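Everything on this sheet refers to the single structure shown next.
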C-alpha cells in the first residue's frame, strides 16, 4: 500500500513539472502568426502602411513555419523499466512500428568504414537501388556514388534517388549529368515553389540507401567529402552509419516509397523493392519513420519514452542538442532516480552556431541536476545515437531538437539487444576520451558573447 501511494505521489509530481517558463511563453507568443496579423491590422488602421506590410509578411512567415505536431507533455511517468516486456510493447504501440526479426546489423564508424560498404552494396545491386538523402553535395565522394549508380543503371538495375531540394541544392551539374546519362531516376523533395510554399519549412532529413530491398544503410552521414576518412582532423567529420541486412530493410524502403509517391506520383512495387522476408541474422529491428505530416512525432516519442523508462544509464551522442521543456524534465527526473545520464554534443567545430549557442544556454539546469555534458573536441561530431540501460539503442538521422522532431522527415532504427548496445557503449566511451567535460563551474564562467547569443538563439528554438 505504501508503495502504491508513493507511485501516485510520484506521478502527480511529474505531471506538474516541465511547464514552460516565462521566456518559453514569450517565445511562443513571438512565433504566433495571429500576433503579427493583429499588429498588421493595427498598423494599417493608423496609416503606417509600410509597417503594416512588414507585420503582414511576418504573419505569413510564422504561419508557414509553424508545426502542427502535438508533443507529449504528460504520460511519461512510467513504473516500468526499459528492461521489460511492457516497455517493448509500449514502444511498438506508441510509435506504430513493430520489431522485425532475423536481421544482421553492423555498426560502421566514420567514412573509412561506411562509404566502402555502401559503394560495395551499390556495385553488387541486382534489381533496384533507392536513395533518400538530405545531403548529396558535389565533390569526389558524390561523383563516386554517381558513377557507381549510373553503371548499375546501365546494367539494368532500376535506380531512384530522392534528394531534398534545399539540403542537396549544391550537388553540382557534373554529378547530375552522370546520373542523367546513366538513366537514373532523380526527383527533388519539396522544392521551394509557389505551389509548395505551404510546405517549404518541411525538409526530408533522412539518409537512406536501400539495395534490392534487402540491404539498407542509415545514420548521420550524407554523401559529401567531409565524411571521408576517420575524423582525423577538423575537415573530416565524426559519424556513424548502420548497415541492415534482412527483412528490416523494408522499413526504410517504406519511407522512401511514401516520399517518392508524394513527390512523383509513382508507386513503386514488386519483389525488386519488397523481397520475401528471408532470414539474414539474429537481430530484431524496429524502424521509426517520423514526418511532420503525421501530427505526432514518432521519433520524439521514441526518445522521450526510452529516457523516462531508464533505470541505470542514458548515453546520448547528438550534435544538435536543444531539448524542450518536456525533454529537460524527463532527463532531470532520470538523474533524480539515480540514472547515469551522459550527453555528448558537438563542440567548437559545430556547423550550426545558432544550435550550439542555444544548446549551451540550456546546459545549466541539466548540470545542476547532476547530468554530465561533454563536448567533442577534435572535429565536428555528427552521429545521432542513444543507448539506455545497456540493452536498448537507437541509431538514425534524428537530431535532439525541435526541427528533427517536428519539421523534418527522419528515420531511426532501434534494437533491443545487449550486443549492439554494448558496441555503442564502447564507441561512446572511446569518444568520451577526446571530449571536454562541461562542469557547472565552467558553464557559469562562460564568456559574454556566449551569454548574449544563448538567449537570442533560443528565440528560434522551435526552428532549430
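No value in this document is a laboratory result; all are computed from the given coordinates. Note that this is a predicted model, so its numbers are computed, not measured. Glycine gets a Cβ as well: all are built from the backbone with ideal geometry, and neighbour counts include every protein chain shown.
Between residue 433 and residue 63, the distance separating the two model label sites (each 7 Å from Cα on the Cα→Cβ line) works out to 5.7 nm. Counting neighbouring Cβ atoms within 10 Å and putting the fewest first, the residues 302, 64 line up as 64, 302. Structural descriptor for the chain: relative contact order 17 percent, calculated from alpha carbon pairs under 8 angstrom and at least 6 residues apart. What is the range 100-285 by shape, rounded, prolate or oblate, if you read a ≥ b ≥ c off the alpha carbon gyration tensor as root eigenvalues and call it rounded for a/c under 1.5, prolate for a/b larger than b/c, and oblate otherwise? Here the range 100-285 falls in the rounded category. Note on 57, 341, 158: ascending count of other Cβ atoms within 10 Å places them as 57, 158, 341, the fewest first.
Let me have the 222 nm mean residue ellipticity of the chain computed from DSSP H runs of 4+ only, each contributing -39500 (n - 2.57), with the sum over all residues rounded to the nearest 500. Computed ellipticity for the chain at 222 nm equals -12500 deg cm²/dmol. Classified by the C-alpha gyration tensor, the range 132-201 has a prolate form. Its axis ratio a/c, with a ≥ b ≥ c, is 1.5 or above, and a/b is larger than b/c. The simple Förster model, with R0 at 51 Å and r as the Cβ-Cβ distance, assigns residue 348 and residue 47 a FRET efficiency of 0.55. Normalised by the number of residues in the range 102-255, the average gap of Cα pairs under 8 Å and 6 or more apart makes the relative contact order 34 percent.
For the pair the range 184-254 / the range 89-146, the C-alpha centres are spaced 8 Å from each other. DSSP beta bridges in the chain, what fraction antiparallel, as a percent rounded to 5? If I count the DSSP bridges inside the chain, around 65 percent turn out antiparallel.
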